[in-house]
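Encoded as structure tokens, the structure appears first; notes follow it.
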Amino acid sequence: MASKRTVRPRLVAWAWSLTWLRRAIKVAAFLAVLPIVLTILYLPPFVHPISTLMLRDLVTFQGYDRQWVPIEEVAPVLLHSVIMSEDGQFCSHHGVDLAELKVVIDDAISGEQPRGASTITMQTVKNLYLWQRPFTTLRKVVELPLAIYMDLIMSKRRIMEIYVNIAEWGPNIYGIEAAAQHHFGRSAKDLTRRQAALLTVALPNPITRNPAKPGPGLRRLANIIERRAARAGGYVGCLE
């Protein structure tokens, strides 16, 4: 039979474990609720959200360049280019492109290399609330319901407005206005079709892709996006 001296340390250890478990549950609950509340707070157009990468730059004392512009002051060709490059079904899906997601799941089941199926809404959720790297299945699982929730309560125009104002376009450069000024020395509303296409194809890897100094591969991609944007038509109707 265990002595009182043996039982007491065990009780103390158990009590401490229970205390830390309760704290962990509270923290997890707070982190789960935070994006839901923030999404509501981000509905008004006068609110200018920042991304987790921007927070990182602040915490590490690097600072960043971001000049918020309303969607009306962004060249339509840039918005069209982004949709036709990043998420062609942006105006028709509800935050998640189920058809594209099914293809990715089928590829994963068959053992093939997974490819991206992120919509603009999912990328906005990731940039606002989640970690960027490394990619994990957990992050994708969290993205899905948050993207559906965001699409449910927020207009497509507002989602796009936030996305182009928090997207990373180079080291410590965020948002289309700062990107247009940095790379081309002009405002986002004055971007040409070519400049819009080059900025768009830099989005998947803005640290290594320089739209102001594109290589042959980047120029070829920009040619494709430029043609797609010119024929965007109904694909961009939700932004009108």
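Taken together, the values in this text are just the output of simple stated rules run on the coordinates, not laboratory data. Treat the numbers as computed from the prediction; the structure is a model and nothing was measured. Here the Cβ is made from the backbone with ideal geometry for all residues, glycine too, and neighbour counts use every protein chain on show.
Residue exposure proxy: Lys126, Lys140, ordered by other Cβ atoms within 10 angstrom of their Cβ from fewest to most, comes out as Lys140, Lys126. In plain terms, the chain from Asp190 to Phe61 could stretch by 43.3 nm, reckoned as 0.36 nm per residue minus the Cα-Cα distance.
Rounded to 0.05, the FRET efficiency of the Ser155 and Arg220 pair, given R0 = 30 Å and the Cβ-Cβ distance, is 0.30. Ranked by the mean number of other Cβ atoms within 10 Å of their residues, highest first, the peptides 208-217, 225-234 fall in the order 225-234, 208-217. Normalised by 2.2 N^0.38 Å, with N the number of residues, the alpha-carbon radius of gyration of the range 42-239 equals 0.99. Annotation for Phe46 and Glu73: the two label points, set 7 Å from Cα along the Cα-Cβ direction, are 1.6 nm apart. Among Ser51, Ser81, Ser187, Ser92, the order by Cβ neighbours within 10 angstrom, fewest to most, reads Ser92, Ser187, Ser51, Ser81. Among His94, His48, His80, His183, the order by Cβ neighbours within 10 angstrom, fewest to most, reads His94, His48, His183, His80.
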